[in-house]
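Contents: one structure, followed by commentary.
The values are calculated or read from the model by the stated rules, or taken from the named source; none is laboratory data. Predicted, not measured: the structure shown is a model, and the values here were computed from it. Counting neighbours? That spans all protein chains shown, and the Cβs are built from the backbone with ideal geometry, glycine included.
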Amino acid sequence: MNGETEAVKPMGLAYFGKMMAAISHEIKNSLAIINENAGLVEDLCLMAKKGNPIDPERIGTIAGRVGQQIQRADTTVKKMNRLAHSVDDPVRQVDVAAALAFTLELGEKVLSTLGIEVKVVPPASPVVMNLNEFLFMNLLWETVAHVAAGIDRSKNRTMTITIGNTDKGVEFVFSPVDGVDGGKMPWDLALLEVFGANILPLADTRELVLKLPENAEIM
């Protein structure tokens, strides 16, 4: 890794920690529901020992709830594994729209807490770039979180992200943007510099544009 990549390690660790905290919270919720239903089964067993009949439909309902939570937890663990393995390769081919979708999926709980919904307008054709996937998701999330924090939720609760393929690379257009200064991002500019990316605030159209050059590959 070069010096620029080393410079963003603390930010990467912070991002990883935030996402793992959200994931562990999801798993904990599933375990809590499973535990609650296990308690119901114990109650039914005690009733049966006292000679009370057990309703098969009720047992089936409880089993269904447990099964749903197992599936939910399995999906959550798969997200955790994908995030963990995103650091396996310094550079890999990344579908930028798919990377954004996964980034939003990881941060869904945070955005939900803020009361923000996100609509993504994909590019006309798939855009695949050679990138450090983990750092790319880190950059996307920091931009999403920055814009979400600036949205005036009394007027709007939907963020739109439009992905465009340009002659010089790819751009992500975030809107609407309220009170966001592109020159005062909440993270060290090293995260932008490592990709050769830049942020352009457009006050007239209430947009924030994240631009990555086509040669954004880093080592």
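Yes/no matrix, rows are residues, columns are (1) out of contact with any strand residue (DSSP E or B) (no Cβ under 7 Å at 6 or more places or on another chain); (2) surrounded by 13 or more Cβ atoms within 10 Å (Cβ to Cβ); (3) among the hydrophobic types (A, V, I, L, M, F, W, C):
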residue	(1), (2), (3)
80	yes, yes, yes
88	yes, no, no
100	no, yes, yes
120	no, yes, yes
127	no, yes, yes
131	no, yes, yes
Checked region 195-219 for anything modelled with pLDDT of 85 or more and farther than 21 Å from residue 123 by Cβ; matches are 201, 204, 206
Regarding region 65-72, can at least one residue be identified that is aliphatic (A, V, I, L, M), outside any helix (DSSP H, G or I) and touching a residue at least 40 places away in the same chain (Cβ under 8 Å)?
no
Would you be able to say whether some residue in region 53-75 is surrounded by 14 or more Cβ atoms within 10 Å (Cβ to Cβ), closer than 30 Å to residue 149 by Cα and hydroxyl-bearing (Ser, Thr, Tyr)?
no
Answer with yes or no whether residue 113 is part of a helix (DSSP H, G or I), surrounded by 14 or more Cβ atoms within 10 Å (Cβ to Cβ) and among the polar types (S, T, N, Q).
no
Just for region 22-61: of the residues that are outside any helix (DSSP H, G or I) and in contact with a Leu (Cβ under 9 Å, 6 or more places away or on another chain), which one is farthest from residue 109 (Cα to Cα)?
52
Within region 102-118, residues under 22 Å from residue 212 (Cα atoms) and in contact with a strand residue (DSSP E or B) (Cβ under 7 Å, 6 or more places away or on another chain) come out as 104, 118
Reported set for region 150-159 where residues are surrounded by 16 or more Cβ atoms within 10 Å (Cβ to Cβ) and in contact (Cβ under 8 Å) with a residue 40 or more places away in the chain is 159
Only one of 70, 34 is over 20 Å from residue 132 (Cα atoms), outside the structural domain of residue 161 (by TED's automatic domain parsing) and in contact with a Ser or Thr (Cβ under 8 Å, 6 or more places away or on another chain); which?
70
Going through region 116-171 in order, the residues found to be in a loop (DSSP other than H, G, I, E, B) and hydroxyl-bearing (Ser, Thr, Tyr) are 125, 154
Boolean, residue 180 is in contact with a helix residue (DSSP H, G or I) (Cβ under 7 Å, 6 or more places away or on another chain), among the β-branched types (Val, Ile, Thr), at pLDDT 90 or above and not assigned by TED's automatic domain parsing to the domain that holds residue 18:
no
